[in-house]
Amino acid sequence: MSDNDITIIGNLTREPELRFTTSGKATCSFGIAVNRRYQVNNGWQEQVSLFDVVAWGTLGENVAASVPKGTRVM
């Protein structure tokens, strides 16, 4: 099985929400907004893509402790 990686650069749309599974594994849910601006026929167009993200384990705990809403993340 191959792993697929993507990189998303944008701003957090809501405060990260830290929860724990019944086995004690940390999960952190948050949203990221990615803004695109491009030119069409001498005019600018803007488009926003919204992503729901879940970070697991230590990464999720670190996100919840250090990244507030509105922060630019990668």
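The values are calculated or read from the model by the stated rules, or taken from the named source; none is laboratory data. A quick note: this is a predicted structure, and the numbers were derived from the prediction, not measured. Cβ atoms come from the backbone with ideal geometry, glycine included; neighbour counts cover every protein chain shown. Heavy atoms of the whole protein, side chains included, go into the accessibility calculation; ligands, DNA and RNA do not. Shrake-Rupley method; radii C 1.70, N 1.55, O 1.52, S 1.80 Å.
Tabulated values for the structure
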{"read-out": "The listed residue being open to solvent by less than 60 Å² (accessible area, probe 1.4 Å) and either at pLDDT 95 or above or not in a strand (DSSP E or B) (or both), out of SER49, SER23", "value": "SER49"}
{"read-out": "Subset of the stretch 26-46 [hydrophobic (A, V, I, L, M, F, W, C) and open to solvent by less than 90 Å² (accessible area, probe 1.4 Å)]", "value": "ALA26, CYS28, PHE30, ILE32, ALA33, VAL34, VAL40"}
{"read-out": "Answer residue from the stretch 3-20, given it is without any contact (Cβ under 8 Å) to a residue 60 or more places away in the chain and of a type in the set (A, V, I, L, M, F, W, C) and is least open to solvent (accessible area, probe 1.4 Å) among those", "value": "LEU18"}
{"read-out": "Long-range neighbours under 9 Å by Cβ, at least six apart or interchain, first residue under 20 Å from ALA64 (Cβ atoms) and touching a residue at least 12 places away in the same chain (Cβ under 8 Å) within the stretch 28-51, second among the aromatic types (Phe, Trp, Tyr) and open to solvent by less than 100 Å² (accessible area, probe 1.4 Å)", "value": "GLY31/PHE51; ILE32/PHE51; ALA33/PHE51"}
